[in-house]
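This report refers to the structure that appears directly beneath it.
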Amino acid sequence: MIEFSDWAVDILRRSHQAARRFNPKATVRVFRKGSGVEFALVEEPEPGDRVIDRGDFTLFVEEGITGTVDVVEPHDQLVLRPG
């Protein structure tokens, strides 16, 4: 299960809105990379991704990833904290 801090919801909402101004298909995806995870803008989910639609933003999540999406400084970086 994926949960969100209030700050992460705000960042994801603003990122979603800004990216969609340039590319209507742009969506944030969280996926495994090395020993951690990465957040990136993509146009479509990968096979097996879960699609989380919160109304004000959509997130594609690689299967098996769980935890709480949060934000750290500097530069409002998205992170995934263990569930």
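Descriptive notes on the structure:
- Answer from Arg13, Arg32 - the residue that is open to solvent by 100 Å² or more (accessible area, probe 1.4 Å), of a type outside the set (Asp, Glu) and out of contact with any His (no Cβ under 7 Å at 6 or more places or on another chain): Arg32
- Figure legend. Inter-residue proximity from the stretch 53-75: first residues closer than 17 Å to Ala19 by Cβ, second residues part of a strand (DSSP E or B) and among the aromatic types (Phe, Trp, Tyr), beta-carbon distance below 6 Å, spacing 6+ or different chains. Indicated pairs: Val69/Phe4.
- Residue in the stretch 11-21 that is in a strand (DSSP E or B) and within 13 Å of the chain's Cα centre (by Cα) present: no
The values are calculated or read from the model by the stated rules, or taken from the named source; none is laboratory data. All values derive from a computational prediction rather than experimental measurement. When we count neighbours, we look across all protein chains shown, and the Cβ atoms used for this are built from the backbone with ideal geometry, even at glycine. In case anyone asks, the SASA skips ligands and DNA or RNA and just uses the protein heavy atoms, side chains included. Shrake-Rupley method; radii C 1.70, N 1.55, O 1.52, S 1.80 Å.
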